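Following: one structure in structure tokens, then a few remarks.
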There are 2 protein chains.
Amino acid sequence: MKSLVCVVLSLCVCSAIAATLRSSKQSPSTGFAAPVLTPPKAANALSKRLDNSFVNPVTLVGESSPRSGYGVYDGPRMSLPPGEKPVVIGVAADSGCGKSTFMRRVTQIFGGKNVGLLPIGRETNTLVSDIATIICLDDYHSLDRKGRAETGLSALDPKANNFDLMYEQVKAIKEGTTVEKPIYNHITGELDPAETIEPSPIFIVEGLHPIYDSRVKDLVDFSVYLDITDDVKFAWKIQRDMEERGHSLESIQKSIESRKPDFAAYVEPQKKEADIVIQVLPSSLVDDPKGKYLKVRLIQRLGVENFTPVELFESGADVDGFAPSKTSVPQSTIGLKIKQYSEDWFGHPARVLEMDGEYDDVSSLAAIEKFLVNAGEKSSAEVVSAMEKVKDAPGSLNGTGFLQTLCALKIREVYEKIQGETVEELLKKVEAVPAAA
Amino acid sequence: MKSLVCVVLSLCVCSAIAATLRSSKQSPSTGFAAPVLTPPKAANALSKRLDNSFVNPVTLVGESSPRSGYGVYDGPRMSLPPGEKPVVIGVAADSGCGKSTFMRRVTQIFGGKNVGLLPIGRETNTLVSDIATIICLDDYHSLDRKGRAETGLSALDPKANNFDLMYEQVKAIKEGTTVEKPIYNHITGELDPAETIEPSPIFIVEGLHPIYDSRVKDLVDFSVYLDITDDVKFAWKIQRDMEERGHSLESIQKSIESRKPDFAAYVEPQKKEADIVIQVLPSSLVDDPKGKYLKVRLIQRLGVENFTPVELFESGADVDGFAPSKTSVPQSTIGLKIKQYSEDWFGHPARVLEMDGEYDDVSSLAAIEKFLVNAGEKSSAEVVSAMEKVKDAPGSLNGTGFLQTLCALKIREVYEKIQGETVEELLKKVEAVPAAA
């Protein structure tokens, strides 16, 4: 059995639009002194030039930050309790694939009362809560923006990233050791001085390549891949960049095509190996070239340690299509259809839970939640309750929100099975830690 | 609101193979003295000639009896309690359509400890239990076998049946009046002297024409049509008459074709008006020309007084296909698939619950029963429990048994709503009646 759980998220654009709002107030930290690993010098000089080779596909203009909604963390911080080691979760995805929303759902499920930026007094991509640390793997870029421009390498290319250091530092964290992790500054495109990352019970590693390097992959206890299919990516770009920002169709197509080879070579292959894939496709319920309506699939591999797929009605039952009544789940648009089936996922047997279409009200999903089995819920209405707490988040009224929430519950379950401790028990220990003054 | 419930079953061949086993012992009867309606004289002379125009399609040789499995009733009999009137249920179907099995399921649900032939000491088609009476509408044939042969009329032709008398007597029963009902003797093909039928709380009228005559239809509180589609009828005949009895394919086809015009004209139209239709079709899961595998549909009209359709998972939800796992519901053959949807049933909105395929074990249906809503169950496992009590009956391992049982539960629910009394309360009154010595 793996001893830790790594959360690896493919957040490729972790900048800091809200940097001016941040305070430098340090929060208290409990735990043990640990050896410190330091990063090598930044490989390239700093540059302010905008570099679109690694941009959020829905913006095309500069780099956006999935951290922009967060302030600086000022709650109590828990270091590793005696005898515990971090559980490491990996989350992989392309940029602009809804990772920030997914992270909101995950941190919500892990019960942290506060989530915010690591308080280092300057630009950071690291999010923390009382019990979790979320690092962005962009921080392991070995080439800064200027360096990528000079070499012609994209940020997706492994040669533009330092996998040796990524491996060493994730390994150190799993062993309970504090590290000095480099920072990629999305605002400046520069490699900033390192920040101190202390091990915490839950350690999420998100970015483009959380399970690309086999050494890092072996350290990750459970992995998730957020898979936005090309049709949806293209539709989203068209909608935002052409209709809202006046870009030409040609420039959008060119932007997408230019990223495709490296994405297909270095990022996409990870979805074959992830334990859970959340795949977003155009709806099959309606002809919708604008990609407004989505079909979302939760692809869950079988035979994964500490993990049993969440299913509808019954484990192993196949559902060609379940459409809840409009009385119990109001649907004013194209309707809602849920399917469930087995699938060969690149040679791995998997169970798939699929939700196509939309609904009008998060609370009405109670009518579906009651049919879930192996959901890892702590109460009969936890899915709806968790979704209601972030109901303003994108995807809350389609399969994205529902299946991301189910995925978050499974991550928590994996954590608890590995650690032999519930999150509630863990949080009680945090309550003993005084909040920052 | 209708004040009574009439059970009308289309039992067309109600003979008495087991006649030699019957005793003439009379059972005690409680209740009130009532006026007696007597039938007219038998229209035609007796005849021993075999008449295949109205034969069970699965035998082709002589008339078979759906009553052949029953002995003479010798338990306590309840007449109408003070202030009650019979609830009349109509069950329509062609001959050989599994009515006897359906009646076993219905009487089982109505909780009678004993079911048997009315003890008149000679051939009868009337079944009774402690609280129910089941009459066969063949008893209203106005032409005996010889008369039909002479006129060329089939038993399906209204002109060979006395609807005036049927109406008068069903009306009398609903008003709590004892009647002298004629008897059609399936062994001799003759019209025998009348038998005395006393009103009982539940009155089931089964045969070819329970809701053909609008006057009788108006007396029926709830109606069921057992619809074996032509493909299945033909497959069954081929299987039994050709393969097991050496009949030629031509003779079987001729027999089916000869009945078709009258059946289509006088029997089949009733399915448009029935409150529930149990329709049996060839399976869609496999190419099965022998009709071994069945798809069964429970077609339930909406807007019927005292009746809410039984549904799976949720009222109003559509299910394109639900296939329980082979772990929870073992299926060694073609598998099992349940669907649910709305349908326009000859101009009437209806909800359809469909079961296609087979399962290995009645008890495993608990995995499906738990998802039923509005099933009218008295306990969480009543469907399985009821099916297990008659698990030797045909159809117990496919949708026939399951959906017939659900239909029986709905009939009981209709009874209880009309009568404002549970069947359990009714049965308690019977316990006060001493059994026959």
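Bear in mind that the values in this text are calculations on the coordinates, not laboratory data. Since we're looking at a predicted model, the values are computed, not measured. Ideal geometry is used to build each Cβ from the backbone, glycine not excepted, and the neighbour counts take in all protein chains shown.
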Please list, by residue number, everything in the stretch A:323-351 whose backbone N is under 16 Å from a paramagnetic label point 7 Å out along Cα→Cβ of A:LYS272. A:344-350
Take peptides B:272-283, B:234-245 and line them up by average Cβ neighbours within 10 Å, highest first, as a rough protection proxy. B:272-283, B:234-245
Hey, rough spin-label estimate for A:ALA264 and A:ASP288, points 7 angstrom out along Cα→Cβ, what's it come to in nanometres? 2.7
For B:ASN114, other-chain or 5+-apart residues with amide H closer than 5 Å (H placed, Pro excluded) are B:ASP130
Of all C-alpha pairs within the stretch A:275-409, those more than 23 angstrom apart amount in percent to 27
Using the Karplus curve 6.51 cos²θ - 1.76 cosθ + 1.60 with θ = phi - 60°, work out ³J(HN,Hα) for each residue of the stretch A:161-172 in order, rounded to whole Hz, and write x for Gly and Pro. 9, 9, 6, 4, 5, 3, 4, 4, 6, 5, 4, 4
Label 7 Å beyond Cα on the Cβ vector: B:ASN114 copy-to-copy distances, nm: 8.1
Quickly work out the B:ASN114-to-A:LEU249 label distance, labels modelled 7 Å from Cα along the C-beta direction, and quote it in nm with one decimal. 8.4
Which distances, shortest first and in nm, link A:ILE187 to the matching position in the other copies, using label points set 7 Å out along Cα to C-beta? 10.3
Roughly what would the spin-label model give for A:GLU305 and B:ARG122, points 7 Å off Cα along C-beta, in nm? 8.5
With r defined as the distance between the Cβ atoms of B:GLU431 and A:HIS348 and R0 fixed at 45 Å, what FRET efficiency is calculated, to the nearest 0.05? 0.15
Assuming a viscosity of 0.692 mPa s and a temperature of 37 °C, what translational diffusion coefficient in µm² per second does Stokes-Einstein assign to the stretch B:134-235, Rh being the Kirkwood radius over Cα pairs? 224
Could you give me the ³J(HN,Hα) list for the stretch B:390-405, computed from phi with Karplus coefficients 6.51, -1.76, 1.60 and θ = phi - 60°, whole Hz, x at Gly and Pro? 10, 6, 7, 5, x, x, 5, 10, 9, x, 4, x, 5, 6, 4, 5
Spelling out what I want: for every residue of the stretch B:125-138, take phi, set θ = phi - 60°, compute 6.51 cos²θ - 1.76 cosθ + 1.60 (Karplus), and round to whole Hz; glycine and proline get x. 10, 8, 9, 9, 10, 4, 10, 10, 10, 10, 9, 9, 6, 4
Taking the axis about which chain B rotates onto chain A, which residue of B lies nearest it as judged by Cβ position, and how many whole Å separate them? B:ASP320, 2
Reachable lysines, given that their alpha-carbon falls under 17 Å from the alpha-carbon of A:LYS233 and they are not under 8 places away in the same chain: A:LYS99, A:LYS254, A:LYS260, A:LYS271, A:LYS290, A:LYS292, A:LYS295
What is the average number of partner chain Cβ atoms found within 10 Å of a Cβ in B:325-333? 2
Distances in nm from A:LYS428 to the matching label points in the other copies, shortest first (labels 7 Å along Cα to Cβ): 4.9
